[in-house]
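K.L.:
One structure, as structure tokens, below. Some questions next.
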Amino acid sequence: MEPKGARGAESGPIRVVIVDDHPLVRHGLGHLIAAEEDMEVVGDASGSTDALRLVREQKPNCVVIDLSLQEGTGIELIKQIKALDKNIRMLVFSMHDEVLFAERVLRAGAMGYVNKQVSTEKVVDGIRHIMKGKIFLSEEMSERLLIGMTGREVVGETPVDNLSNRELEIFQLIGQGLSTRKIAEQLHLSSKTVESHRESIKKKLNLSSNLEMIRLAVQFVLEQG
């Protein structure tokens, strides 16, 4: 997309939907985006169901998505929106570590990642960037991905990097203290499926008990902020 004010009147403003589990974040981010002359916020949601309804009804150009939601998960929502309309651009705005999640969200269908620890104004920059059809990441993450593409070893990889998207989502929810039943409800899975993923997580992380997994998951969530 062109710089502010450069778009033709016929194209209209960038229509943005915000999806975040914190009302204050949705409110603050909404005001920031709406203050831009060429952007408007057409809705916000705290979870996947409402977000998908807004996407269908409002037909936004861009969706800003947190990875942690009240219902569903950010990565699954990205995939669902991509299936609804491949032309919608998506930007992740999350407190979670970009190193661990950026490549995952790009593979799911998003085009950028902004960590909540940086200025919220970066979100506006990110929206403009992805609306031009370009990937928006930090310089560090861009370099990391380029190194990975060359086949060279990426410094700092951990066993958690080997978890699938679904396993990582469940691992995080375990660290937040959710039971198997609660995880199943939030992710719209059966308890049996969640238990199967828990066993796979233990195997990939070389853990011998559920207690070890819970301790590591709690530590992971605390380190993520």
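The values are calculated or read from the model by the stated rules, or taken from the named source; none is laboratory data. In this text, all values refer to a predicted model and were calculated from it rather than measured experimentally. Here Cβ is always computed from backbone atoms with ideal geometry, including for glycine, and neighbour counts include all displayed protein chains.
K.L.:
Hand me the list of helices (runs of 4 or more DSSP H) wholly inside region 1-117 holding 1 or more residues that are surrounded by 17 or more Cβ atoms within 10 Å (Cβ to Cβ) and of a type in the set (Ser, Thr, Tyr). If you could, list the steps in order and put the result at the bottom.
P.N.:
Working: elements: 23-34, 48-58, 74-84, 98-108.
Fully inside region 1-117 and qualifying: 48-58.
K.L.:
On the basis of being touching a strand residue (DSSP E or B) at 6+ places or on another chain (Cβ under 6 Å) and in the same structural domain as residue 130 (by TED's automatic domain parsing), does residue 35 make the cut?
P.N.:
Answer is no for this residue.
K.L.:
Okay, moving on. Which condition from (1) under 28 Å from residue 140 (Cβ atoms); (2) of a type outside the set (A, V, I, L, M, F, W, C); (3) without any contact (Cβ under 8 Å) to a residue 12 or more places away in the chain is the one that residue 179 breaks?
P.N.:
(1)
K.L.:
Condition check: β-branched (Val, Ile, Thr) and within 29 Å of residue 167 (Cβ to Cβ). Does residue 75 satisfy that? Can you show your working first?
P.N.:
Details: β-branched (Val, Ile, Thr): yes; within 29 Å of residue 167 (Cβ to Cβ): yes.
In short, yes.
K.L.:
Would it be correct to say that residue 43 is over 20 Å from residue 164 (Cα atoms) and either in contact with a strand residue (DSSP E or B) (Cβ under 8 Å, 6 or more places away or on another chain) or hydroxyl-bearing (Ser, Thr, Tyr) (or both)?
P.N.:
Taking the combined requirement at face value, the residue satisfies it.
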